[in-house]
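Below is one structure, written out as structure tokens; the observations come after it.
The values are calculated or read from the model by the stated rules, or taken from the named source; none is laboratory data. The model shown is predicted, which means the values in this text are computed figures rather than measured ones. Using ideal geometry, Cβ is built from the backbone for each residue, glycine included, and neighbour counts are taken over all protein chains shown. Heavy atoms of the whole protein, side chains included, go into the accessibility calculation; ligands, DNA and RNA do not. Shrake-Rupley method; radii C 1.70, N 1.55, O 1.52, S 1.80 Å.
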Amino acid sequence: MWIRGFLALFLLLASVDAQHLFLAGGGLTADSYFFWNRLILFAGGRGQAKIGVITAARDDPEEASKELKTILMNHGARQVTWIPVSGSLEDSANNETVAAMIMKQSAIFIDDGDVHRLIRVLRNADGTDTIVLAAMREKFRRGVISGSGAGAAALSGTPLPISGHSYEALVHGTKVHTEPAPGRRGANRRFAGCSYLTSGLGFLRSWLIEPHFNEHSLHGRTIRLLLDTRGAVDSFGLGIDREMAIAIYRVGSEQEYAEVLGNKGGISIINTTKANYATSPKLHISGVQITFLTEDDKILLGTAEEVLPATWKADLAGEEWHILATPSEDIFSADKDGTKGNFNRVAKRLFDSQLSKKVSSVTWQSSPRFLVDMDSRSGESFHNDSPSTSQHLISYVRLSVSISQIA
């Protein structure tokens with residue numbers, strides 16, 4: 001019954017103007033049909049979609065726009081327009097003619113690159129919206145905003161990380177980025193932890209969006225930043241793997257829900273709202289919950305993160321392949337030996353083991369060393385072979401995670 005209702009809702013969404021976000025984790029190519037086809041569908045369909053592309057995060061924005069135009073036109077867009085905003089075009093984001101171009105599009109796509117550069121272009125120096133950003137907000141009220149990599153991260157409604165990795169963020173903490181004084185090198189270059197901007201552009205409120213998530217094992221960085229900036233309003237982490245995407249329909253409404261697109265990784269949701277957190281005498285974090293979704297899974301973001309696994313997936317309980325979980329001695333490794341980060345591999349193996357309900361791993365760094373405990377007892381997991389690739393996929397919900405400094 002739930003699934004039939006969602007299918008009906010999906011068909012309705014395709015024909016109704018509303019606020020939709022399509023966020024990719026980076027690495028999109030001409031063959032990323034899962035993303036481009038969905039974007040074009042919600043932008044009016046083949047032969048009708050008019051896509052405006054923002055490439056301000058790139059070193060050569062105009063050249064990057066040409067490649068995107070070819071890709072989008074080949075996927076059926078009627079028109080693809082470069083929105084000429086960049087750091088090299090003085091005050092281009094406060095140009096009324098450029099802002100008017102935004103309003104003529106049926107969807108906006110923001111390309112990957114340097115997220116800090118992108119924010120500097122779209123925001124005024126005092127933090128207020130440029131004219132172009134204001135036009136994007138107006139377009140979003142009845143249309144589609146999309147992005148990949150930095151273009152997705154910039155849409156966060158929470159503090160936005162611009163540097164640092166998991167281990168370094170746990171050791172050194174987080175720090176608001178400050179722009180260097182003219183003629184001086186930035187002090188943030190000497191900061192080994194996670195530097196962050198006080199806010200992304202705010203299109204997805206209460207969500208910290210992290211692209212390239214499992215490839216770079218960004219769990220520790222995301223957890224530390226969410227905890228260091230925890231306030232009166234609950235915020236969550238949304239990690240998107242490379243060549244994966246999440247479509248979020250009717251953003252901010254009672255009908256808001258999200259769907260995982262792609263088959264080469266997954267989407268991670270980090271919930272620190274009930275976590276215990278201490279930095280003295282040693283760092284200790286407990287009560288973090290992590291959910292990992294794969295191809296075709298859906299989630300109700302506005303109602304306690306209720307997950308609806310893909311119809312072709314079955315409950316993994318009772319069908320586990322392995323006897324025991326396998327810990328890691330390098331839990332925050334990033335893309336080591338061609339794998340997509342040890343953290344998520346350890347977690348999936350835990351759910352796919354018949355006897356293990358807990359597993360403890362450590363960092364390879366020993367000054368200090370961290371212990372990462374995972375507990376699957378309060379969680380659920382689902383699995384099956386992908387209908388598109390035949391690869392065996394595992395999704396899991398409510399993995400409990402603790403991180404402690406032990407040496």
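The table below lists the values:
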| quantity | calculated |
| --- | --- |
| Condition check for V233: open to solvent by 20 Å² or more (accessible area, probe 1.4 Å) and either aliphatic (A, V, I, L, M) or more than 17 Å from A152 (Cβ to Cβ) (or both) | yes |
| From the options V98, V121, residue that is under 23 Å from R141 (Cβ atoms), outside any loop (DSSP other than H, G, I, E, B), in contact with a Pro (Cβ under 8 Å, 6 or more places away or on another chain) and aliphatic (A, V, I, L, M) | V98 |
| Hits in the stretch 58-68 - residues which are at pLDDT below 95 and hydrophobic (A, V, I, L, M, F, W, C) | A64 |
| Near pairs, Cβ below 7 angstrom, 6+ apart or cross-chain, from the stretch 307-324 (farther than 16 Å from L261 by Cβ) to any residue that is among the charged types (D, E, K, R) and open to solvent by 60 Å² or more (accessible area, probe 1.4 Å) | H322/R349 |
| Condition broken by S286, with the remaining ones in (1) part of a loop (DSSP other than H, G, I, E, B); (2) more than 18 Å from G25 (Cα to Cα); (3) modelled with pLDDT of 95 or more satisfied | (1) |
| Scope the stretch 136-163; condition more than 17 Å from the chain's Cα centre (by Cα) and surrounded by fewer than 24 Cβ atoms within 10 Å (Cβ to Cβ); matching residues | R137, E138, K139, F140, R141, R142, G143 |
| Qualifying position, being of a type in the set (A, V, I, L, M, F, W, C), closer than 21 Å to L204 by Cα, open to solvent by less than 50 Å² (accessible area, probe 1.4 Å) and modelled with pLDDT of 95 or more, among I51, I71 | I51 |
| Residue in the stretch 352-407 that is surrounded by the fewest Cβ atoms within 10 Å (Cβ to Cβ), counting only those that are of a type in the set (D, E) and part of a strand (DSSP E or B) | D385 |
| Residue list for the stretch 289-302, filter: aliphatic (A, V, I, L, M) and either part of a loop (DSSP other than H, G, I, E, B) or touching a residue at least 60 places away in the same chain (Cβ under 8 Å) (or both) | I290, L293, L301 |
| Members of the stretch 86-95 found to be over 24 Å from the mean Cα position of the chain (by Cα) and not in a helix (DSSP H, G or I), listed by number | G87, S88, L89, E90, D91, N95 |
| Test result for F213, open to solvent by less than 10 Å² (accessible area, probe 1.4 Å) and over 21 Å from L39 (Cβ atoms) | no |
| Residue within the stretch 128-135 that is open to solvent by less than 20 Å² (accessible area, probe 1.4 Å) and at positive phi present | no |
